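Data block below; observations after.
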Amino acid sequence: MQIIIVAAHAQNRVIGRNNELVWHLPRDFKHFKEITVGHPIIMGRKTFESLGKPLPNRTSIIITRDAHYQQEGCIVVHSLKEAIAEAKKLDDQIYIIGGAEIYKQALPYTQKMYLTEVKAFPEGDAYFPEFSKTDWQETARHSYYKDEKNEYDFDFVTWERKDNIAHI
Ligand SMILES: NC(=O)c1ccc[n+]([C@@H]2O[C@H](COP(=O)([O-])OP(=O)(O)OC[C@H]3O[C@@H](n4cnc5c(N)ncnc54)[C@H](OP(=O)(O)O)[C@@H]3O)[C@@H](O)[C@H]2O)c1
C-alpha cells in the first residue's frame, strides 16, 4: 500500500484562504485529475465542502469529528486511521488531497508527494506543512509558465521519502 499526497502550495506554503483556493490554474486541475482518477481520495470535511460535491470516478473519503455527518456518494469516517483502512479495501494507491489539517496528520505515513509549487506569495489561512529535505528526495520537476488561462508560473514536483516511514 502506498499513501500519496497531492497538493498545490505557494512559495510561502499557502494552500488556501476562506476555504477556497487562491489561484486559478486549470492545468493543475488537469494534473490533479490525471493523478487521482480511479483511486480513493481522502480529505478533511472542510476540503470536501470547498469542492461542494464528490469528484467523479474517484471514491471520496471524508474525515470529520461529527458523528452525524453524511454525504451521498461518499464514505464518511472519523479519523485518518479509519480513512486509510477504508481506502485500503479499495486500492493499494491511496491519495490524500487535503486540506492543511489532513496533510499535516498524514505526512508521517506518506511515501510520495505530488506537489505543485505555485510561483506566488498569496495571503492565506491554510498552509502545507514543512517537511525535512533530509527525509525526502525530489525525483522529478517540470516547469510550466503562466498563460491566458493559468495565472502563475508553477512546477510539478515529485518527492519520494528516503526511508523511515511511520506505520499507521
Ligand atoms: N492547494 C491545495 O492543494 C489544497 C487542497 C485541499 C484543500 N485546500 C485548501 O485548504 C483549506 C482547508 O484546509 P483545512 O485545514 O482548513 O481543513 P481540512 O483539512 O480540509 O478539514 C479539516 C476538518 O477535517 C476534520 N478532521 C481533521 N482532523 C481530524 C481527525 N483527526 N479526526 C476527525 N476529523 C478530523 C474536521 O472536520 P469537522 O470540523 O467536521 O469535525 C476538521 O474541521 C481550504 O482553503 C482549501 O481550499 C488546498
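Read the figures in this text as sums done on the coordinates, not as results from a lab. Please read these numbers as outputs of a predicted model, since none were measured by experiment. Please note: Cβ atoms are built from the backbone with ideal geometry, for glycine as well, and neighbour counts cover all protein chains shown.
A few remarks follow.
- Percent of Cα pairs exceeding the 21 Å cut-off, where the set is region 1-95: 33
- Taking Lys and Arg as +1 and Asp and Glu as -1, the other residues whose beta-carbon sits under 12 Å from that of residue 141 total -3.
- FRET efficiency for the pair residue 167 and residue 37, taken as 1/(1 + (r/R0)^6) with r the Cβ-Cβ distance and R0 = 30 Å, rounds to 0.65.
- The listed peptides 7-16, 81-90, ordered by packing as a protection proxy, come out as 7-16, 81-90 (highest mean of other Cβ atoms within 10 Å first).
- Residue (of 87, 69, 35) at the positive-pole extreme of the chain, dipole from beta-carbon charges: 87
- Exposure proxy ranking, count of Cβ atoms within 10 Å, fewest first, for 95, 127: 127, 95
- MRE, 222 nm, helices only [DSSP H, n ≥ 4, -39500 (n - 2.57), over the chain, to nearest 500]: -5500 deg cm²/dmol
- Here the chain carries DSSP beta bridges of which approximately 45% are antiparallel, counting only pairs with both residues inside.
- Per residue, the average separation of C-alpha pairs within less than 8 Å and at least 6 apart gives region 2-161 a relative contact order of 34 percent.
- Across the cross-link table entries 30/149; 30/146; 30/133, which are compared at the Cα atoms, the separations over 21 Å belong to 30/133.
- Listed by chain and number, the aspartates and glutamates whose alpha-carbon sits under 17 Å from that of residue 112, ignoring those within fewer than 8 places in the same chain, are 34, 91, 92, 130, 135, 138, 155, 160, 163.
- Overall, the ratio between the Cα radius of gyration of the chain and 2.2 N^0.38 Å, rounded to two decimals, is 0.99.
- Magnitude of the charge dipole, the chain, Cβ model with Lys/Arg +1 and Asp/Glu -1, debye to 20: 200
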